[in-house]
1. Would you confirm, using the coordinates I've provided, whether D206 is at pLDDT below 95, of a type in the set (D, E, K, R) and open to solvent by 50 Å² or more (accessible area, probe 1.4 Å)?
2. Return the residues of segment 175-187 that are in contact (Cβ under 8 Å) with a residue 24 or more places away in the chain, open to solvent by 20 Å² or more (accessible area, probe 1.4 Å) and either in contact with a Cys (Cβ under 6 Å, 6 or more places away or on another chain) or closer than 19 Å to F118 by Cβ (or both); say none if nothing qualifies.
3. Condition first: out of contact with any His (no Cβ under 8 Å at 6 or more places or on another chain) and under 15 Å from H182 (Cβ atoms). Now tell me which residues in segment 109-128 satisfy that.
4. What tally of residues in segment 20-61 results from selecting those that are modelled with pLDDT under 95 and β-branched (V, I, T)?
5. Give me a count of the residues in segment 69-97 that are crowded, with 21+ Cβ neighbours inside 10 Å and assigned to a loop (DSSP other than H, G, I, E, B).
6. When you look at W190, is it over 14 Å from the mean Cα position of the chain (by Cα) and open to solvent by less than 70 Å² (accessible area, probe 1.4 Å), yes or no?
7. With respect to V57, is the statement that it is free of Cβ contacts under 8 Å to residues at least 24 places away in the same chain, open to solvent by 10 Å² or more (accessible area, probe 1.4 Å) and within 16 Å of the chain's Cα centre (by Cα) true?
8. Looking only at residues that are among the basic types (K, R) and assigned to a helix (DSSP H, G or I) in segment 158-171, which one is surrounded by the fewest Cβ atoms within 10 Å (Cβ to Cβ)?
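The values are calculated or read from the model by the stated rules, or taken from the named source; none is laboratory data. What you see is a predicted model; the values in this text were computed from it and never measured. Here the Cβ positions follow ideal geometry from the backbone for every residue, glycine too, while neighbour counts run over all protein chains shown. Heavy atoms of the whole protein, side chains included, go into the accessibility calculation; ligands, DNA and RNA do not. Shrake-Rupley method; radii C 1.70, N 1.55, O 1.52, S 1.80 Å.
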Amino acid sequence: MTLTRRSTLLGLSALLMSACVGGGGKFETDYTPVPADLAKSWRLAEVRVSVPQTLVVSEAKTLLPRADIVWREDPLGDRHAQVGKIIQAAVLRGAQGLRGSRPVIIDITVTRFHALTFEAEMSNHDWGVHNIDLIAQVVDARSGAVLLPATKIRAETPAWSGERMKAARRKGITQKSMITNHVAATIAGWLGLGPDNRGSFTRQGD
């Protein structure tokens, strides 16, 4: 490849990246903590996760696809089901400290699950965000009575890309493990079972 052609391609790549991620945005992990006197009476009986079929999936090989669900680490298949399994495992881990006497079911509805495409991960830029948005409700496992009405949980966390993610993968760190750990910590913080995980950050991504 000639130097002129290589420079042109690098310039186009930089222009595309600039157009996709802009000047960066503000992201956050946020929730309304469950009152301590309420949560301490609960014992986890089940976690039910719904990933509505109305959520749009993208398989586009681009840096920043516009969709509700972007997920690539599992084999091509039912992305709604794959996302459901990831979220269920994370919520189970985050809520495992509930040791009260009243059995409860945590109902989770996923409203967004936007991880990085491999094209974005492999770009030579440290950028990107895992956007995970949920609606959570807690009901009595015996009667079905609503103990905590539907509440929004945002679990947005910086993604890794470029050389940083290559090094992380060599250590066994994946997008799935990063997302699972963050959602679990967020649920634990929401239930008062762990440190408050709320916070915000500014980063290029979506």
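1. No.
2. Across segment 175-187, the qualifying residues are K176, M178.
3. Correct list: V110, R112, F113, G128.
4. The number of residues fulfilling the criteria is 1.
5. 2
6. yes
7. Criteria met by V57.
8. R170
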